Amino acid sequence: MKKIFLLLVFILSFEYSYAENKIAYIDINNILNNSIVGKSISEHIQNIKIKKNEEFSEIEKKLLDKEKDIIKKKNILEKNIYEEQVVLLNKEVSEYNIKKKNFNKEIEEKKVKYTKTVLNSLNSIVSKYVEENSISIVLPKKNLIIAKKDLDITNIIMNLLNNDLKEIAF
């Protein structure tokens with residue numbers, strides 16, 4: 001009985017804490033896609049892809065022309081010469097596919113590198129904003145089900161990022 005009484009006194013003796021925990025959320029993808037630096041990264045990557053795809057289109061056209069030429073000569077050429085040309089063409093096609101695959105891998109690596117640069121800058125901006133505004137927790141928007149719009153700090157952080165980082169070195 002004494003233990004229960006002590007426990008009740010202990011629980012009731014606590015005063016309510018009036019500390020406020022501020023929570024906010026941020027949409028990182030929106031910032032990466034719509035900030036000035038994010039748009040410049042997308043544009044830069046897109047320009048590289050367009051130029052390289054033009055080169056790839058020319059190579060594809062040449063390979064298709066070679067294939068058509070070999071097919072036309074199928075009945076004219078000796079069997080072993082025809083097979084050699086087919087093997088050479090297949091080798092060229094294989095090399096082309098490897099080049100294309102390596103290019104796509106290289107583009108993804110560049111995109112990741114540029115995004116990391118932006119995220120590093122964004123991290124310091126968010127940290128500074130959180131300290132200045134006494135925010136306890138900042139959550140990513142993708143992990144939320146529902147939240148008040150006034151807790152969204154995406155546009156504020158995007159404006160700070162736009163002022164701080166307009167472009168990166170490519």
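Laid out as a table, the results:
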{"quantity": "Selected residue (only one of Glu95, Glu108 is at pLDDT 90 or above and within 22 Å of Ala169 (Cβ to Cβ))", "calculated": "Glu108"}
{"quantity": "Looking only at region 66-117, and only at residues there that are surrounded by fewer than 11 Cβ atoms within 10 Å (Cβ to Cβ) and among the acidic types (Asp, Glu), the one that is farthest from Ile36 (Cα to Cα)", "calculated": "Glu78"}
{"quantity": "Verdict on Asn162 being under 15 Å from Ser35 (Cβ atoms), touching a helix residue (DSSP H, G or I) at 6+ places or on another chain (Cβ under 9 Å) and not in a loop (DSSP other than H, G, I, E, B)", "calculated": "yes"}
{"quantity": "Only listed residue being within 30 Å of Ile59 (Cβ to Cβ) and in contact with a His (Cβ under 7 Å, 6 or more places away or on another chain), chosen from Phe170, Phe103", "calculated": "Phe170"}
{"quantity": "Criterion: within 22 Å of Ile45 (Cα to Cα), touching a residue at least 60 places away in the same chain (Cβ under 8 Å) and of a type in the set (A, V, I, L, M) - qualifying residue of Leu151, Leu122", "calculated": "Leu122"}
{"quantity": "Unmet requirement for Lys142, which otherwise passes all of (1) touching a residue at least 40 places away in the same chain (Cβ under 8 Å); (2) farther than 30 Å from Ala169 by Cα", "calculated": "(2)"}
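The values are calculated or read from the model by the stated rules, or taken from the named source; none is laboratory data. Given the structure is predicted, the values throughout are model-derived calculations rather than measurements. In this analysis, Cβ positions are derived from the backbone assuming ideal geometry, glycine residues included, and neighbour counts consider all displayed protein chains.
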